[in-house]
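The next block holds one structure in the form of structure tokens; read it before the comments.
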Amino acid sequence: SFIGEESVAAGEGSILTDNPTWIIDPIDGTTNFVHRFPFVAVSIGFVVKKKIEFGIVYSCVEDKMYTARKGKGAFCNGQKLQVSGQEDITKSLLVTELGSNRDPEAIKIILSNMERLLSIPIHG
């Protein structure tokens, strides 16, 4: 099976089943792309029985290929990635994205989440 983000965004329905399924977003970061903001990628995932098996993200502008496979780790251009060893949240950097949904109920949820995030004593 195939699920394409652009078709779902256009209103086509999709149901994730137990069948092996490719999930593809050919322009991940469509809003960035439209505004010529250089963070755009091609994202591909492969799911079996509703569980991700592997994913690939190609960051076009940076020419970086991110890959990850269940139980095998994550890589960037073939080099293994690992999470930071930082355990003190006050020395951590928080990055978030607000999404594009501007429905009043969605805005309430976004603002509530932002309030919770901003109360964390993060570095930046």
Determine which member of the set 85, 55 is under 30 Å from residue 18 (Cβ atoms), among the small types (Gly, Ala, Ser) and out of contact with any helix residue (DSSP H, G or I) (no Cβ under 7 Å at 6 or more places or on another chain). 55
From the list 46, 39, 54, which residue is within 17 Å of the chain's Cα centre (by Cα) and open to solvent by 90 Å² or more (accessible area, probe 1.4 Å)? 39
Does region 17-30 contain any residue that is touching a Phe, Trp or Tyr at 6+ places or on another chain (Cβ under 6 Å), not assigned by the TED database to the domain that holds residue 114 and not in a loop (DSSP other than H, G, I, E, B)? yes
Residue count, region 76-100 (criterion: open to solvent by less than 90 Å² (accessible area, probe 1.4 Å) and assigned to a helix (DSSP H, G or I)): 2
Being touching a Cys at 6+ places or on another chain (Cβ under 9 Å) and under 25 Å from residue 98 (Cβ atoms): is that true of residue 26 here? no
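A quick yes/no check of all residues on (1) in a helix (DSSP H, G or I); (2) open to solvent by 100 Å² or more (accessible area, probe 1.4 Å); (3) at pLDDT below 90; (4) not assigned by the TED database to the domain that holds residue 46:
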{"position": "74", "(1), (2), (3), (4)": "no, no, no, no"}
{"position": "102", "(1), (2), (3), (4)": "no, yes, no, yes"}
{"position": "107", "(1), (2), (3), (4)": "yes, no, no, yes"}
{"position": "112", "(1), (2), (3), (4)": "yes, no, no, yes"}
{"position": "124", "(1), (2), (3), (4)": "no, no, yes, yes"}
Matching residues, region 31-72, being closer than 16 Å to residue 3 by Cα, part of a strand (DSSP E or B) and touching a Leu at 6+ places or on another chain (Cβ under 9 Å): 47
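The values are calculated or read from the model by the stated rules, or taken from the named source; none is laboratory data. Please read all numbers here as calculations on a predicted model, not as lab measurements. Reconstructed Cβ throughout: ideal geometry from the backbone, glycine too, with neighbour counts over all protein chains shown. Keep in mind that these areas ignore ligands, DNA and RNA; they rest on the heavy atoms of the full protein, side chains included. Shrake-Rupley method; radii C 1.70, N 1.55, O 1.52, S 1.80 Å.
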